[in-house]
């Protein structure tokens, strides 16, 4: 039989770590959220301009904006992740939780686009027109989940507001399917519910 020995110093250190985990700490990765909102918001504006005839939309140019935005975001993402790793600092449990959920949502969006491409290849372009029209709504649902988890982890009412706003934007965008205004509204949603909050969170972390 092994006797269990008490170690008051270790117990105090453990409780101190728990206190640090619960202490106020800024949300990490806000620069990634801001970049995603800006880049894909601009791509949505460009797509709207194509539909309305304000930008070229024939031949290989059709859909080019989304491809360019994706490549640009991946490059920016690599730079930002490297910068965050160099910055170091204390990573609390909620930091890790929010990082994980936003990363998972990013992969989920990538999987969604891949699935749409596979569907288009299988049934043809016309068969997926409605499905592609729902992509902005599905992405806003994803963002709503991300904000909801972040709000719960950080106990933040403003972040809950972003979650509600993202969920509310989903049916509104779906109602605009088939209209050029859908992509104008989608751009506004990305700027207001991703880029602006990301910027404000960055500024708060520096303050």
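What follows draws every value from the coordinates through simple rules; no lab data is involved. In this text the structure is predicted, and so the values were computed from the model without any measurement. Glycine also receives a Cβ, built like all others from the backbone with ideal geometry; neighbour counts cover every protein chain displayed.
Take every pair of alpha-carbon atoms less than 8 Å apart whose residues are at least six positions apart; their mean separation over the length of region 115-192 yields a relative contact order of 29 percent. Ordering 32, 139 by the number of other Cβ atoms within 10 Å of each residue's own Cβ, fewest first, gives 32, 139. Counting other Cβ atoms within 10 Å as a rough exposure proxy, the listed residues 33, 74 run 74, 33 from fewest neighbours to most.
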